[in-house]
Structures are given as structure tokens and as C-alpha cells.
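Structure, as C-alpha cells:
Please treat every number below as a calculation from the coordinates, not as lab data. Bear in mind that the values here come from a model prediction, so they are computed numbers and not experimental data. Note that we place each Cβ from the backbone using ideal geometry, even for glycine, and neighbour counts take in every protein chain shown.
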Amino acid sequence: MDSADAYHNIVSFLTDGILLVSDEATITLGNQAIEEMFMVSKDSFLNKPLSKLIPDHPQILEKLRDTFDTGTTFRDVECMGFRKPDKTHFPINICISPILDKSARVESAILLVKDMSLLKDLQETSQQIDRISHLGTLALGMAHEIKNPLLAISGSAQLLRKELGDEDQVKYMDIVISETQRINRMLERMLDFTRPKSPSFQTTNIHKILEDIITLEKDPLSQKEGSFSQIYDPSIPTIQADEDQLRQVFLNLIQNAIQALPDGGEIRLVTRISSDYAIRDEKSQAPLLTIVVEIIDTGPGIPEKHLNELFTPFFTTKKKGSGLGLAISLKIVEDHGGKMKIHSKEGEGTTVQVFLPMRQS
Ligand SMILES: Nc1ncnc2c1ncn2[C@@H]1O[C@H](COP(=O)(O)OP(=O)(O)O)[C@@H](O)[C@H]1O
Ligand SMILES: [Mg+2]
């Protein structure tokens, strides 16, 4: 093999993407990894501007300019790549280096492109788990400490109520009693959340769970003149899952959507099968097909500053919220080997996605 062949082989079999770019930011060469990463064939990007693959990143063009003008190398440049076929953006990490000709002039720039989606997902998930396990331990200890004195307060209040003659005093005492009961219920839910409960898998039909919840929640929704719509993928098979736990997840998410909805809004439930999501089988590490359930509402959306807090236990913006719905849901979904994502823009509604691996036996 001569050295040109050897280089050719190295470049085509590298799992990182390689792009050669001219001083006009035109792509003159790309390897197979680039085709796979961006899900396009070579002829759709060769001799085309780099912005076909990496749009809206003027800083990349600036850095390229620097590389051509001064021979500078840039490492770990983070930006978003664009997959045209499914119109998605995904995180990439780029290293830009100059290639010199015989007279030491910069002839072209070489871009080493790494797909960071999997790494980003792993980082997000592990941060979510950290937050939950830390707060979980704290919550368990606190719940135990609070429960006993609370029971004493509520018991005494009930005795005292019987002694009261004045109607107003009885009313106030009723508030003491009902509020202590509310705290007690919250503590119970906290304890539930932290008690380790591993899912007991059985054959489960996701669509049936969703339909049951719709039956249950139709009334509260129609009181707001809202409506459900369903777009189910009928090819979704039954899966091995803990039906009760998943029911709790989807009930939480659908109730959140109903609560967020203004009068006359719509909640759309979409199910589909996805193969491009990086969920792997624990044993074989083979990628698993994934069931995606989306709960899409036309509510007010979530302010950007809250997006990072949603899964944190006790985060709530509601007067009577527990802030545990999403935290518990995430825990359950992760116990099933899945993931959750929330996309939302203020004023544009919210999409909650639940990814569940399609384990069938
Ligand atoms: N569909 C949604 N639309 C707008 N905000 C939402 C939605 N789902 C969740 N949220 C926000 O996330 C917070 C936490 O939700 P959750 O964990 O279920 O607790 P809770 O419902 O008790 O407040 C909510 O208080 C709300 O601010
Ligand atoms: Mg909730």
C-alpha cells in the first residue's frame, strides 16, 4: 500500500469526522464519518459552503479566517451541526488546523469534527441522578423528623376543636387540621419517592395506559374547554414495564399539561418508535429501539430560567404544588432504562418527551 492509499484508508475509517475546507469556506473533502454524522451523502456537501453542515455560526468562519491568515490552530470549538434530513441540530466539537503547502502558505484548513450528542446526554442524565439521590437522602431524613411532631399537632388540634364554642375559632382550627393533613400527605409522597422500589415488569400496553388516563382526565380538561388529541403509532408493541409506575408518570405529565393550559387549549399525545436515540441494552450494549411518548400542550410554556430546575424535587411554581411530579416521573423512567426531555419556550407551549427502551421479553 503506498502512503497515499494508507492516508486514504485512515481518513475513511476514522470514526471522527474530517472535513477539508478552502479559504472560501467551501468543503473540498469529507470522510464517511461526516456522511454518517450528518446523515447525508458526499455529493450533497462537496464543493458547497461549510454553512450547509454548520449554519448560523459566524464564529467558525472567523476562526477559519484566522487559520488561513495566521496559521492558528483552534481546539475544542463547540457548536451545533445541522442534520438536513430530519432538520435537527446536534452538538459537535471541532478542532481547526491549517494545512501548509510547499512554500509554507496555508493551503486549506482541516476540521476534525466530533459528535457530542451521546456525551451531552450522559452528562445531563448523571447530573439529574446526582440531584435526585442527594435530595432523596435529605428528604427521607427530614420527612421522618417532621412526621412525629406533626401528628402530635394534628391530634391536639382535633381534641381542641371539640372544646371550641365560637364558630370562627372552629373555622380557624379546621384550617390548622386540614393544613397539617396536607403536610402529612406531602411527607408520605416524599417517603414514597425515596423508598427504593424496583419496578416489577409485566407485559404493558402504553396506549392502554394513555387511554385510561384520558378517560380519567377528560372531565377536568373539558371544564377548561380544552381537548385531547391522539396520534398513536399502531405498530408500537407491548413492552416489559411496570404498568402502575408508568401510569403514575403519564398521569403526572398529563395533569401538569392540564394545569398549565389556558381555557380552550389542546393536549396532544403522540407515540412513535425511534431508532436514533442512544439508549443501549445494559447487557449487550446494543442500541435498543425506543418508544417515544410526547405530551404536547398549548399552555404558556416554561421560562428559560426554570428549565434546569424542573426535575429537582420540590421545585414548583404552583400554590399547592408538591414539586415532586417530574422528579418522581424521571426516577421511574430511569428505573426502566429510559430518559425524559422537556422542550419549552415561553408563549409557545411545552413538549415533554418520555423515551422508553423497547424491551419485549
Ligand atoms: N406542561 C407544563 N407547562 C408549564 N409548566 C410546567 C409543565 N409541566 C411542569 N411545569 C412546571 O414544572 C414545575 C414542576 O412540576 P412537577 O414536578 O410536576 O410539580 P408540581 O406539578 O407539583 O408543581 C411546575 O410547578 C411547573 O412550573
Ligand atoms: Mg405536577
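For the reader, a short list of remarks on this structure follows.
- Measuring r between the beta carbons of residue 345 and residue 152 and using R0 = 56 Å, the FRET efficiency lands at 0.75.
- For residue 80, the residues whose modelled amide H falls within less than 5 Å of its own, excluding neighbours fewer than 5 places apart on the same chain, are 92.
- Per-residue extension of 0.36 nm, minus the Cα-Cα distance of residue 192 and residue 119, leaves a gain of 23.1 nm for this segment.
- Amide H contacts for residue 289 (H built 1.01 Å from N in the peptide plane; partners 5 or more residues away or on another chain; cut-off under 5 Å): 358.
- Charged neighbours of residue 169, selected by a Cβ distance under 14 Å, balance to -2 (K, R count +1; D, E count -1).
- For 115, 23, 219, the sequence from fewest to most other C-beta atoms within 10 Å is 219, 23, 115.
- Along the chain, the longest continuous region that contains none of the trypsin sites (Lys or Arg not before Pro) in a DSSP loop with at most 12 other C-beta atoms within 10 Å is 106-282.
- The residue 183 and residue 232 beta-carbon pair, evaluated with R₀ = 41 Å, returns a calculated FRET efficiency of approximately 0.55.
- Cα convex hull volume per residue for the chain (Å³): 200
- Amide H within-cut-off set for residue 31, under 5 Å, with H built and near neighbours excluded: 18
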